[in-house]
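Written below as structure tokens is the structure these notes are about.
The values are calculated or read from the model by the stated rules, or taken from the named source; none is laboratory data. What you see is a predicted model; the values in this text were computed from it and never measured. Cβ atoms come from the backbone with ideal geometry, glycine included; neighbour counts cover every protein chain shown.
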Amino acid sequence: MATLAPGPPIQIFKSKSEEKTLSFDQKEILRLKKEKNAILLCHNYQIDAIQQISDYVGDSLGLARQAAETDAEIIVFCGVHFMAETAKILNPGKTVLLPDMEAGCSLSDSCPAEKLALYREKNPDIYVVAYVNCSAEVKALSDVICTSGNAVQIVNRVPEDREILFVPDQNLGQWVMGQTNRKMNLWPGSCYAHVLFTQESVERCRLEYPNAPVVAHPECMDSVRDLADEVCSTEKMVSFCRDNPSETFIILTETGMMHRLNRELPDKSFVAGPTGHCACNDCRFMKMNTLPKLLECLRTGNPAIEMNEDLIRKAKLPIERMLAWS
Ligand code: 13P
Ligand code: SF4
């Protein structure tokens, strides 16, 4: 029997979305959304109250596709800055609102455009594959964009004679190398939240739920991914848990994901994978969006994503290549 140091409590996560009636703010958001011909796009990590009233809830790839296809006049993006920016790049003529402009991403911050520009200067033949969690300036310096949902497919499409630099997530990059057998140079970035899962925290959880498959996001470290039955994007987590006969799953990603899983698969149970020191794992950036901020931005049309045309043009090419390749 393994001996593990005591850790934080392990929780079956149940959201109560079905029991709640809509709050005043939620009803007002729905009314304004209709009045202003706005679409509400929401990432799987948002709070339950926002997920409940969104037109679409999904992963980065699904959200980019929705943004590319919508005919709404206003896109309200409940996610983080790089996601709203991607929606603006795909819809320069539309207003794209983000309830809190401070909602950034540690991965995106780990790859400043100036550093990547310098790398490119020193390595002019390099082929840059950029994970979508990066700034528009970094996208503009890249050859193709990928998300966790299509990274393997995208890297497999890169011409074989080209040397690849994968930015900014070394953990996703390392996982993709294993899946594709393609050697890549990895930018040393990581997600501050996903690296909080540890081998020990997952093993402790498995002692309590020995029959539950472990589902991990590829941004987790390799020592954690190695313990997983499935490594995938947040969207694929839903289909994996739906198709797998097990009733209980251990989920290693941001806690907001549990709302989506509980809503879509109410007959199954989801255990929020604990980190080394906490029972849940919230991304502080994702959780900056709140109902009052969402209502305010719909009322006022602020804050809106502003970008210059030249940057939009340059950043759009690698995003369009991704959409064509996947
Ligand atoms: P997904 O595209 O898998 O939803 O991941 C986005 C993200 O930011 C993970 O931390
Ligand atoms: Fe960025 Fe990590 Fe938050 Fe995803 S969970 S938005 S990668 S900081």
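Would you point out which residue out of Glu200, Glu235 is within 16 Å of ligand 2 (Cβ to nearest atom) and of a type in the set (D, E, K, R)?
Within the list Glu200, Glu235, the selection yields Glu235.
Are there any strands (runs of 3 or more DSSP E) wholly within the range 14-106 with 2 or more residues that are of a type outside the set (A, V, I, L, M, F, W, C) and under 21 Å from Ile319 (Cα atoms), and if so which?
Here the list reads 56-58.
Step by step: first the residues of the range 107-128, then only those that are more than 25 Å from Met286 (Cβ to Cβ) and among the hydrophobic types (A, V, I, L, M, F, W, C), then the one that is surrounded by the fewest Cβ atoms within 10 Å (Cβ to Cβ). Which residue is that?
Within the range 107-128, the match that is surrounded by the fewest Cβ atoms within 10 Å (Cβ to Cβ) is Leu118.
Counting only residues that are hydroxyl-bearing (Ser, Thr, Tyr), closer than 26 Å to Ile53 by Cβ, surrounded by fewer than 17 Cβ atoms within 10 Å (Cβ to Cβ) and in contact with a helix residue (DSSP H, G or I) (Cβ under 8 Å, 6 or more places away or on another chain), how many does the range 212-263 have?
Summing the residues that are hydroxyl-bearing (Ser, Thr, Tyr), closer than 26 Å to Ile53 by Cβ, surrounded by fewer than 17 Cβ atoms within 10 Å (Cβ to Cβ) and in contact with a helix residue (DSSP H, G or I) (Cβ under 8 Å, 6 or more places away or on another chain) in the range 212-263 gives 0.
Tell me, which residue of the range 1-54 that is of a type in the set (Lys, Arg) and either surrounded by 15 or more Cβ atoms within 10 Å (Cβ to Cβ) or over 19 Å from Thr253 (Cβ atoms) (or both) is modelled with the lowest pLDDT?
Filtering first and then ranking leaves Lys16.
Name the residue that is farthest from Val195 (Cα to Cα), counting only residues in the range 275-287 that are surrounded by fewer than 17 Cβ atoms within 10 Å (Cβ to Cβ) and within 16 Å of ligand 2 (Cβ to nearest atom).
Lys287
What number of residues in the range 107-116 are within 16 Å of ligand 1 (Cβ to nearest atom) and not in a loop (DSSP other than H, G, I, E, B)?
Matching residues across the range 107-116 total 3.
Name the single residue, out of those in the range 63-81 being closer than 18 Å to Arg321 by Cβ and touching a residue at least 40 places away in the same chain (Cβ under 8 Å), that is nearest to the chain's Cα centre (by Cα).
Among those that are closer than 18 Å to Arg321 by Cβ and touching a residue at least 40 places away in the same chain (Cβ under 8 Å), it is Ala64.
Out of Val167, Val132, Val176, Val138, I need the residue that is buried (at least 23 other Cβ atoms within 10 Å of the Cβ), more than 14 Å from Glu219 (Cα to Cα), of a type in the set (A, V, I, L, M, F, W, C) and within 16 Å of ligand 2 (Cβ to nearest atom). Which one?
Val138
Check the range 155-162 and report whether any residue there is touching a strand residue (DSSP E or B) at 6+ places or on another chain (Cβ under 6 Å) and within 16 Å of ligand 2 (Cβ to nearest atom).
no
When both residues are 6+ apart or on different chains and their Cβ atoms are under 7 Å apart, which pairs have a first residue that lies in the range 306-319 and is closer than 22 Å to Val129 by Cβ and touching a residue at least 12 places away in the same chain (Cβ under 8 Å), and a second that is assigned to a loop (DSSP other than H, G, I, E, B) and among the hydroxyl-bearing types (Ser, Thr, Tyr)?
Between residues of the range 306-319 that are closer than 22 Å to Val129 by Cβ and touching a residue at least 12 places away in the same chain (Cβ under 8 Å) and residues that are assigned to a loop (DSSP other than H, G, I, E, B) and among the hydroxyl-bearing types (Ser, Thr, Tyr), the close pairs are Pro318/Ser142.
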